[in-house]
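Asks: I'd like to ask some things about the structure below.
The values are calculated or read from the model by the stated rules, or taken from the named source; none is laboratory data. Being a predicted model, the structure only gives us computed values, none of them experimental. Don't worry about glycine lacking a Cβ; one is built from the backbone with ideal geometry, like all the others, and counts go over all protein chains shown.
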Amino acid sequence: MRSARVGRFIASVLWAALAVFPAWAGDPVPAVPAPTVDRRIAITFDDVPWVMLRNAPPADMAAEHARLIAALRQADIPVIGFVNEGLLYSDNTLRPERVRMLKDWLDAGFALGNHTRWHSDLNAVGPRRFKHDILDGERLLRPMLAKRGLKLEWFRYPLLRTGATLEAKHDVDAFLAKHGYRVAPVTVNSSEWVFALAYRNAIAAHAPEDTLQRLRADYIAYMQAKFVYYEQRSVDLLGYEVPQVLLVHANELNADTCTTLVAALRARGYRFVTLAEATRDPAYQRPDTYTGALGTSWIHRWAKTEGRPDSFYFGEPRTPKWIIELAGVSPSFE
Ligand SMILES: [Zn+2]
C-alpha cells in the first residue's frame, strides 16, 4: 500500500515535470514512460450533432462529422454524445441530414444523452423553464433510442451550470431523477471550446497548414497538462486517481485531433470505459453543494463542498494567448 502510494507520488511528479516541459509538442504521439497507476476515462461529447449549428454551420460539416465518427470508431472506445435537439432544426424546419448524424452516432455503437433542446443556462432561466427545456430536448431522442431498445439515461447540464441556489439544484436534480436521468459529471474540464473556435476561425481565414498544425499540437499539449492537473487534484482530494470524465465537443478540432488525443491518453496508461463504469467509483457519490457560476470540474465541486482552501485549485493550465486572440473571446473568460 505504502509503496504503491510512493509509486503514485513519483509518477505524479514525473507527469508534472513533463507538463512543464512538453517535449512532445508537435509529435503525433508523445513518448512517455509507462505509468504505474490504473487510469480509466470516459469520453463525452457535447453539443451533438455539431457545435454552433444555429449560428453558422461549417460548409463541410458532413465531411467533418464523418471524419469524427470514423476516427472514434477506429479508436474503438466507448463514447457518449449529448444532444441539443434544437440543433437539428434550421429555420424551424427539421433537417433530415442532421437527424441522420445522430443515427450515425448510434450506428457506431455510441450512446446518446440529453443536453436540453436550447442549451439553456439553468442559473439564468431558473428551474421552471429549464425543466421544459429538458423535456423538449428528448422529443425525438427518446423514441429514437427506444426504437433500438435503448434507454435515455444520461443528462448533461449546459455550461455545467447546475443551479445558482441549493433549492434550484435539488429541484432540478429531483426532476431529472424522476424522469429516469442520471447527471453526467465532468472531471477534466478545459477550454477546448476556445481552441475549437480558434481552429474554425483559422480554417475560415485560410491560415497556412503550419499554423493549423501548431494549433493542433498546442491543443494536445494543453490537454495533457490538464490531465496532469486533474490527476494530481484527485490524488490530493481522494488519495487516488478517480476514473476521469472528459468533456469535449463535436467540432472540427476534435475531428482532426481525437486520434492523437486518444493515443496520447493511451500512452498515459488510460483505459477507456463507459460513463456508467467511470461513475461507479464511490467518489461520484460525494456530496456536492456547489452553486457557483463557473462550470467547473466535479473534483473542484467536491473540494469546495469540503471547504478546501484556495491553494487547492492553484496551477490549472491556462489557454495560450494566441489561441484566445485567434478565437476572438474575451481574455477574462477563464
Ligand atoms: Zn454544451
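Asks: Among the residues of region 63-86, is any surrounded by fewer than 23 Cβ atoms within 10 Å (Cβ to Cβ), more than 14 Å from the ligand (Cβ to nearest atom) and farther than 21 Å from ALA263 by Cα?
Replies: yes
Residue by residue, here is whether (1) surrounded by fewer than 20 Cβ atoms within 10 Å (Cβ to Cβ); (2) under 20 Å from GLY81 (Cβ atoms); (3) touching a Gly at 6+ places or on another chain (Cβ under 6 Å); (4) small (Gly, Ala, Ser) holds:
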| position | (1), (2), (3), (4) |
| --- | --- |
| HIS119 | yes, yes, no, no |
| GLY137 | no, yes, no, yes |
| ALA146 | yes, yes, no, yes |
| LEU150 | yes, yes, no, no |
| GLU153 | yes, yes, no, no |
| LEU159 | yes, yes, yes, no |
| ALA164 | yes, no, no, yes |
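Asks: Scanning region 321-334 for residues that are surrounded by fewer than 19 Cβ atoms within 10 Å (Cβ to Cβ) and over 19 Å from the mean Cα position of the chain (by Cα), which turns out farthest from LEU166 (Cα to Cα)? Steps first, answer last, please.
Replies: Step one: of region 321-334, the residues surrounded by fewer than 19 Cβ atoms within 10 Å (Cβ to Cβ) are 321-322, 325, 328-334.
Pick out the ones that are also over 19 Å from the mean Cα position of the chain (by Cα) and you get 321-322, 325, 328-332.
Values: LYS321: 36, TRP322: 38, GLU325: 36, GLY328: 34, VAL329: 31, SER330: 30, PRO331: 30, SER332: 27 Å.
Taking the candidates together, the pick is TRP322.
Asks: So, in region 226-258, of the ones that are farther than 15 Å from TYR313 by Cβ and small (Gly, Ala, Ser), which residue ends up farthest from the ligand (Cβ to nearest atom)?
Replies: Ranking the candidates gives GLY239 first.
Asks: Please return the ranges of helices (runs of 4 or more DSSP H) entirely within region 158-268 where 3 or more residues are more than 28 Å from THR116 (Cα to Cα). Before you say what the answer is, go through the steps one by one.
Replies: Details: elements: 166-178, 192-204, 209-238, 252-267.
Passing ranges, in order: 192-204, 209-238, 252-267.
Listed here are the residues, each with its yes/no results for (1) touching a Cys at 6+ places or on another chain (Cβ under 9 Å); (2) buried (at least 21 other Cβ atoms within 10 Å of the Cβ); (3) more than 29 Å from LEU197 (Cα to Cα).
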{"residue": "ALA267", "(1), (2), (3)": "no, no, no"}
{"residue": "TYR270", "(1), (2), (3)": "no, yes, no"}
{"residue": "VAL273", "(1), (2), (3)": "no, no, no"}
{"residue": "PRO282", "(1), (2), (3)": "no, no, yes"}
{"residue": "LYS304", "(1), (2), (3)": "no, no, yes"}
{"residue": "PHE314", "(1), (2), (3)": "no, no, no"}
{"residue": "PRO317", "(1), (2), (3)": "no, no, no"}
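Asks: Check off (1) touching a residue at least 40 places away in the same chain (Cβ under 8 Å); (2) more than 14 Å from the chain's Cα centre (by Cα) for ALA250 and give me the number that stays unchecked.
Replies: So ALA250 meets the others, but not (2).
For (1) within 17 Å of the chain's Cα centre (by Cα); (2) modelled with pLDDT under 95; (3) among the polar types (S, T, N, Q), each residue gets a yes or a no:
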| residue | (1), (2), (3) |
| --- | --- |
| VAL37 | no, yes, no |
| ILE43 | yes, no, no |
| ASP47 | yes, no, no |
| ARG67 | no, no, no |
| VAL79 | yes, no, no |
| VAL83 | yes, no, no |
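Asks: Quick one: is ASP104 more than 30 Å from VAL172 (Cα to Cα), at pLDDT 85 or above and either surrounded by 14 or more Cβ atoms within 10 Å (Cβ to Cβ) or in contact with a Phe, Trp or Tyr (Cβ under 9 Å, 6 or more places away or on another chain) (or both)?
Replies: Yes; evaluated as a whole, the condition is true for this residue.
Asks: Give me the pairs, please: first residue somewhere in region 152-164 and on the phi > 0 side of the Ramachandran plot, second residue anywhere and among the acidic types (Asp, Glu), beta-carbon distance under 9 Å, and either six or more positions apart or on two chains.
Replies: Filtered contacts from region 152-164: LEU159/ASP121; GLY163/ASP171; GLY163/ASP173.
Asks: Let me ask something additional. Report yes if TYR229 is within 17 Å of SER190 (Cβ to Cβ), of a type in the set (Ser, Thr, Tyr), touching a residue at least 24 places away in the same chain (Cβ under 8 Å) and out of contact with any Phe, Trp or Tyr (no Cβ under 9 Å at 6 or more places or on another chain), otherwise no.
Replies: In short, yes.
Asks: Considering ASN189, ASN123, which residue is under 17 Å from the mean Cα position of the chain (by Cα), within 16 Å of the ligand (Cβ to nearest atom) and surrounded by 19 or more Cβ atoms within 10 Å (Cβ to Cβ)?
Replies: ASN189
Asks: Restricting region 169-186 to residues that are more than 14 Å from the ligand (Cβ to nearest atom) and either of a type in the set (Phe, Trp, Tyr) or in contact (Cβ under 8 Å) with a residue 60 or more places away in the chain (or both), which is surrounded by the most Cβ atoms within 10 Å (Cβ to Cβ)?
Replies: The selected residue is PRO185.
Asks: Looking only at region 87-101, count how many residues are farther than 20 Å from TRP118 by Cβ and either within 16 Å of the ligand (Cβ to nearest atom) or surrounded by 13 or more Cβ atoms within 10 Å (Cβ to Cβ) (or both). Walk me through it before giving the result.
Replies: Applying the first criterion (farther than 20 Å from TRP118 by Cβ) to region 87-101 yields 96-97, 100.
Now restrict to residues that are either within 16 Å of the ligand (Cβ to nearest atom) or surrounded by 13 or more Cβ atoms within 10 Å (Cβ to Cβ) (or both): 100.
Residues meeting the conditions: 1.
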